[in-house]
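Peer 1: Can you keep this structure in mind? I'll have questions shortly.
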Amino acid sequence: MPAAVAKVKPFKTYLAKGGEIERKWYQVDATGQSLGRLSVPIAMRLMGKDKPSYTPHVDTGDFVIVINAEKVKIHPKKYEAKEYRKWSGYPGGLRVRSLAEQQRRNPASIVMESVRRMLPKTTLGKAMLTKLKVYTGATHPHAAQKPEDWAPLA
């Protein structure tokens, strides 16, 4: 007769549930940081991919506050080459703005749009984007949440 073989239990896969997620608040200063290199770690933090409890079908990400969005660093060639397109849905309703004009009118939208394009194009991605708060100045109204300073490129 063969010797008794010990039964090994397989590892259980952990799946996060909506109610058991702890969310933290992080604050990022965009002064002098490149737009793309700033947006990637912010998108990862919004999705929750930096956590061991990451689950693809659950929003496990944290809140991110970006301050000084008008001081983000952009390559000079991009100012006229990059365009922001918005279509109303009607004939002749296409509005095209250059990056320079968009930064002059609403600099926070540049960072918001850059991060939005890195998130999933689903309803879950829209929920993740609501946790991103972008401000043009150095102050924000989220002091009560006690955000941690976070330097994504450091």
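Peer 1: Name every residue in region 1-52 that is farther than 14 Å from VAL111 by Cα, of a type outside the set (Val, Ile, Thr) and touching a Ser or Thr at 6+ places or on another chain (Cβ under 7 Å), in order of residue number.
Peer 2: TYR14, LEU15, ALA16, GLY48, LYS51
Peer 1: When TYR26 is evaluated against the numbered criteria (1) outside any loop (DSSP other than H, G, I, E, B); (2) hydroxyl-bearing (Ser, Thr, Tyr); (3) more than 23 Å from LYS146 (Cα to Cα), which criterion, by number, is the only one it fails?
Peer 2: (3)
Peer 1: Can you find, within region 62-89, the residue that is farthest from the chain's Cα centre (by Cα) among those that are among the aliphatic types (A, V, I, L, M) and in a strand (DSSP E or B)?
Peer 2: By that ranking, first place goes to ILE67.
Peer 1: Ok, one more. Out of the residues in region 20-42 that are touching a strand residue (DSSP E or B) at 6+ places or on another chain (Cβ under 9 Å) and among the hydrophobic types (A, V, I, L, M, F, W, C), which is farthest from LEU132 (Cα to Cα)?
Peer 2: LEU35
Peer 1: When only residues in region 132-154 that are without any contact (Cβ under 8 Å) to a residue 60 or more places away in the chain and not in a loop (DSSP other than H, G, I, E, B) count, which is farthest from MET112 (Cα to Cα)?
Peer 2: ALA144
Peer 1: Answer yes if at least one residue in region 11-23 is within 26 Å of ALA138 (Cα to Cα), of a type in the set (Gly, Ala, Ser) and surrounded by fewer than 16 Cβ atoms within 10 Å (Cβ to Cβ), and no otherwise.
Peer 2: The answer is no, given that none of the residues of region 11-23 is within 26 Å of ALA138 (Cα to Cα), of a type in the set (Gly, Ala, Ser) and surrounded by fewer than 16 Cβ atoms within 10 Å (Cβ to Cβ).
Peer 1: Is it the case that TRP25 is touching a residue at least 12 places away in the same chain (Cβ under 8 Å), among the aromatic types (Phe, Trp, Tyr) and at negative phi?
Peer 2: So TRP25 passes the test.
Values in this text are rule-based calculations from the coordinates and carry no lab data. All of these numbers come straight from a predicted model, not from anything done at the bench. Backbone-built Cβ (ideal geometry, glycine too); neighbour counts: all protein chains shown.
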